[in-house]
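The numbers here are math on the coordinates, done by the rules we state, and not lab data. Note that the structure is predicted; figures quoted are calculated from it, not measured. Note that each Cβ is placed from the backbone with ideal geometry, even for glycine, and that neighbours are counted across all protein chains shown.
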Amino acid sequence: MGRGKIEIKRIENSTNRQVTYSKRRGGIMKKAKELTVLCDAEVSLIMFSSTGKFSEYCSPSTTTKKIFDRYQQAAGISLWNSHYEKMQSHLNKLKEENNNLRREIRQRIGEDLDDLEIEELRGLEQNLESSIKVVRERKYHVINTQTETYKKKLRNLHEAHANLIRELEGQAENGGYGLVDNGGPDYESALVLANGGAHSLHDTGFGIHDLRLA
């Protein structure tokens with residue numbers, strides 16, 4: 001018995017539809033390769049399944065682009081005109097936006113103002129005043145932040161200074177252990193640091209019990 005004819009219509013079952021597509025795709029790919037080898041033909045085959053999967057075959061002696069170019073020449077049509085027109089339109093739009101931004105920048109620094117009407121000048125003035133306000137607020141914020149940082153550093157220095165003085169006074173009360181006045185650079189440097197780095201105790205005549213924070 002011969003095989004029955006299959007009615008050519010859309011296969012409703014998605015699984016059967018995908019299986020049939022895979023089988024017949026393999027068959028048509030095989031036929032395309034046979035045409036290339038047996039008949040020395042240049043073949044380009046492109047397919048997309050219902051799920052969007054892409055498949056293609058192109059004869060080894062050519063490329064898909066060359067096939068498209070030959071098709072345009074033989075059919076007398078252009079496949080790229082519409083795409084080129086869209087790209088050109090997009091490019092012109094970007095150029096216009098760029099020119100507008102450049103003009104706005106020049107106007108914000110006081111250039112290209114001759115062609116502006118009174119309303120445009122007033123709007124530009126308001127925009128500049130708003131920008132100045134934002135910049136000024138940011139400046140004050142930075143100043144306040146830096147001021148608080150410096151105050152914190154100063155408090156830390158005062159605390160370190162006070163701790164060093166208490167340590168030196170404690171050593172003196174315990175008999176001077178740890179720092180001995182032998183005229184060496186270590187003893188002199190410690191005294192200078194304890195006194196804020198201004199001058200040494202030998203120059204001022206103050207004793208160790210006279211060290212205090214200003």
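Here is a list of conditions, (1) of a type in the set (A, V, I, L, M); (2) outside any loop (DSSP other than H, G, I, E, B); (3) surrounded by 10 or more Cβ atoms within 10 Å (Cβ to Cβ), and Ala74 meets all of them except one; can you say which number that is?
Evaluating Ala74 over (1) of a type in the set (A, V, I, L, M); (2) outside any loop (DSSP other than H, G, I, E, B); (3) surrounded by 10 or more Cβ atoms within 10 Å (Cβ to Cβ) leaves (3) as the failure.
Considering only residues of the stretch 8-41 that are under 15 Å from Pro60 (Cβ atoms) and part of a loop (DSSP other than H, G, I, E, B), which is farthest from the chain's Cα centre (by Cα)? Let's see the steps before the verdict.
First, the residues of the stretch 8-41 that are under 15 Å from Pro60 (Cβ atoms): 29, 32-41.
Filter again for part of a loop (DSSP other than H, G, I, E, B), leaving 40-41.
Values: Asp40: 53, Ala41: 50 Å.
Step by step, filter the stretch 8-41, then rank; the result is Asp40.
To keep it simple, each residue is scored yes or no on (1) part of a helix (DSSP H, G or I); (2) surrounded by 10 or more Cβ atoms within 10 Å (Cβ to Cβ); (3) more than 27 Å from the chain's Cα centre (by Cα).
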site	(1), (2), (3)
Arg70	yes, yes, yes
Tyr84	yes, yes, yes
Asn100	yes, yes, no
Glu104	yes, yes, no
Glu111	no, yes, yes
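Only one of these is out of contact with any helix residue (DSSP H, G or I) (no Cβ under 6 Å at 6 or more places or on another chain) and touching a residue at least 24 places away in the same chain (Cβ under 8 Å): Ile67, Ile77. Name it.
On the way: Ile77 fails: touching a residue at least 24 places away in the same chain (Cβ under 8 Å).
Among Ile67, Ile77, only Ile67 is out of contact with any helix residue (DSSP H, G or I) (no Cβ under 6 Å at 6 or more places or on another chain) and touching a residue at least 24 places away in the same chain (Cβ under 8 Å).
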